[in-house]
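The values are calculated or read from the model by the stated rules, or taken from the named source; none is laboratory data. Given the structure is predicted, the values throughout are model-derived calculations rather than measurements. When we count neighbours, we look across all protein chains shown, and the Cβ atoms used for this are built from the backbone with ideal geometry, even at glycine. Calculation scope for accessible area: heavy atoms of the full protein, side chains included, ligands and nucleic acids excluded. Shrake-Rupley method; radii C 1.70, N 1.55, O 1.52, S 1.80 Å.
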2 protein chains.
Amino acid sequence: MNDFLNDNVYWWRPLDDAELDTRGKILLAAYKEMHYQGFQSASLSNILARTGVTKGALYHHFPNKTELGYAVIDEVIAQRIHLSFVKPLQNFENPVDGIIELIQASGEAFSLTDIELGCPLTALAQEMAPLDEGFRLRLIKIYNQWHQSIADSFRRALEKGQLQPDFDPEIVAATIVATLEGAMHAAKVAQDLNILYRCGAGLIQYLHLIRKN
Amino acid sequence: MNDFLNDNVYWWRPLDDAELDTRGKILLAAYKEMHYQGFQSASLSNILARTGVTKGALYHHFPNKTELGYAVIDEVIAQRIHLSFVKPLQNFENPVDGIIELIQASGEAFSLTDIELGCPLTALAQEMAPLDEGFRLRLIKIYNQWHQSIADSFRRALEKGQLQPDFDPEIVAATIVATLEGAMHAAKVAQDLNILYRCGAGLIQYLHLIRKN
DNA sequence: GTTGACATACATACCGGTTGGTATATTATT
DNA sequence: AATAATATACCAACCGGTATGTATGTCAAC
C-alpha cells in the first residue's frame, strides 16, 4: 500500500540526477502527493513531512496551494508528457508505424505498479477541470500539444501519400488520444496490464485501416 | 458555476418521479456532491444542507462516509450505467450496427452541461480506485458488466457470421469501452462536444473494419 | 543594512464522527 | 383491548483532529 513511496516507477522517476533545490524538492513531492491523493486532498503537511522542508519555505516559494498546483502542472507534468508522448513521435518518417511502435513500447515500459495510479494528467484533469479554470486551461494546453503533434504527423503523412486520403487527421488524432487515455484508465481500475495490451491491439487494428497498403 | 444545482442534466435526471424517502434523498444528494467534488472532498455538511436532512438522520442510515460512498455506487451509479450503456445494447440484432447507433444517439443526447462533469463512474474510479479497495471492486464490477455485455454481443455476432472471423471480441470490447471513456474525458476537459463527435467518428471507422461486408 | 531564504509558532475554519436525547411506530404481553 | 417493551427515524450540539494560511523571527550573503 505504501509502494507509492518508492521512486522507481515510471511516473516518478526523476528526470535528471541533479540535486534538487528546495523549490524543486517541494515541486516533486507535491507532484507525487497530488498524483496519489488528488489535488484537493493533497496535504501540504504530508508534502512537507516527506521533504523535510518547512511550511515557511513552502510559502516563501509559492503564494498558496493553488499556485503550487499550477506550478506542478506547468513544470512537472507538462515536461513528462512531452518527453513520453510528444517528442518521440517526431522521429518517425511514417506516423502510423511510429504510433504502432510507441504503443508497443508503452506496453513493455509500463509495469503493474506504474498503472496503479494511472496517468497523472488524466487524474488531475478528471478532478480539477470542472472546479478550477486555471487548472483546466493548463491541462488542456498539454492535451492540445499531444493531440496536435499526432494530428500534424498524420497531416504530413497524408501529403506524402502514406495514408488513405479520406481520413481526417483531427478525427484520427482525437481517437488515438482518447483510446490511449481510456486504456490507461481501464487498466488502472482493473489493475490489469492485459487491458492495456487489448486496447493497444485494437488501436493497431484501427491504424492498419488507415495505412495505405 | 452553480449549474450543477440544476437537476435537468443527463447524469442527474431522476430515474423516476416517485417521492424520495430520507435515505433516497441523502443518496441522490451524495451522488451529486460526489460527482461534483469527488468522494474525498465531498462534504457531508453540503449534502445535508442541500437536502434539509440532519446529520443524525444520515448517520442513522449509513454508518460512515465510506459506506455512503459504497451505497452511491451500488444503488445509483450501477443503475444508471446499466440503463444507459448495457441494457440498450441487448435490443440489437447486429451489434456493430447497434453500437454505431448508440454512439450516434449519445452524440445527440449529451449537451455541453452534461459533459461538464463527465461520467461519474470515470471520475470516481480515477480518484478512489488506488485509494480504497472497496471502491475499486465495486467500480470494476460495473465496468466488467459493461465490457461483458459488449463482448457477449460481439461473440453472438461472430457465431452468426456477421463479423470478420479474425477479431477477438475481448479486444474489440475493451477498445470500445476505452475509447468511449477517453472521449468523454477529453470532451470534459476541453468542454467541447466536437471531441465527442470526432472520437465517435473514429470509433465508427474502426467498427466498419470489423463488419463483414 | 537590506534582501532573500528559510524556520517556528500560531490562528481560524472546517472536517467526519459521536453523543444524548425525542417522537413515533411496531410488537408483545396480559 | 389496553398497556408495556422495543425498535426505528430523526434532531441539535458538540468533539478532536486536521486543513490551509499567517505572523514573526533568524541568519547568511552581498
Highest-MSF residue in chain A out of A:ILE171, A:ILE142, A:ILE150 [GNM, Cα springs under 10 Å]: A:ILE171
Buried accessible area, chains B and A (both chains, 1.4 Å probe, Å² to nearest 100): 3800
Label point 7 Å beyond Cα along the C-beta direction, distances from A:ASP21 to other copies (nm, shortest first): 6.3
Distant-in-sequence amide H partners of B:LEU163 (H built 1.01 Å from N, under 5 Å): B:LYS212
B from A by rotation - nearest chain A beta carbon to the axis, in Å: A:GLY182, 2
Most mobile listed residue (A:VAL189, A:VAL86, A:VAL96) in chain A, GNM with C-alpha springs under 10 Å: A:VAL189
List of segment A:113-134 residues, accessible area with partners at least 10 Å² below that of the chain alone (1.4 Å probe): A:GLU116, A:LEU117, A:THR122, A:ALA123, A:ALA125, A:GLN126, A:ALA129, A:PRO130, A:LEU131
Per-residue [θ]222 nm for chain B (sum of -39500 (n - 2.57) over DSSP H runs n ≥ 4, rounded to 500): -20500 deg cm²/dmol
Those residues of segment A:192-211 for which accessible area with every protein chain present is at least 30 Å² below the isolated value (1.4 Å probe): A:ARG198, A:CYS199, A:GLY202, A:GLN205, A:TYR206, A:LEU209
Of all accessible heavy-atom area on segment B:56-213, the percent that carbon and sulfur account for (1.4 Å): 52
Backbone HN-Hα couplings from phi across segment A:130-142 [Karplus 6.51/-1.76/1.60, Hz, Gly and Pro as x]: x, 9, 9, 5, x, 5, 4, 5, 5, 5, 5, 4, 5
Label-zone membership for segment A:64-102, site A:ARG156, 7 angstrom Cα→C-beta point, backbone N under 14 Å: A:86-99
Alpha carbon centroid spacing (whole Å) that separates segment B:189-213 from segment B:67-135: 17
Length added when fully stretched, B:THR113-B:ARG211, from 0.36 nm per residue minus Cα-Cα: 31.9 nm
Local net charge near B:PHE167, Cβ-Cβ under 11 Å (Lys/Arg +1, Asp/Glu -1): 0
Sequence-distant lysines (8 or more away, or on other chains) whose Cα lies within less than 18 Å of B:LYS55: B:LYS25, B:LYS32, B:LYS65
DSSP loop trypsin sites (Lys or Arg not before Pro) with at most 14 other Cβ within 10 Å excluded, longest remaining stretch of chain B: B:1-159
Threshold 50 Å², segment A:154-187 residues less accessible with all protein chains present than alone (1.4 Å probe): A:ILE171, A:ALA178, A:HIS185
Bins of 10 Å from zero: percent of alpha-carbon pairs in segment A:94-213: 13, 39, 33, 14, 1
By accessible area with a 1.4 Å probe, ligands and nucleic acids excluded, highest first: order of B:THR54, A:THR22: B:THR54, A:THR22
Accessible area expressed per residue, segment B:148-213, with surrounding protein chains retained (probe 1.4 Å, Å²): 37
In Å, descending, principal axis extents of the Cα set of the protein assembly as shown: 62, 62, 35
Cβ-vector label at 7 Å, A:TYR59, separations to other copies in nm: 3.2
Nearest-first distances (nm) between copies at B:GLN148, label 7 Å from Cα via Cβ: 4.5
Solvent exposure ordering (accessible area, 1.4 Å, most first) of A:SER149, A:SER111: A:SER111, A:SER149
Hull shadow area, averaged, segment A:3-210 [alpha-carbon convex hull, nm²]: 12.0
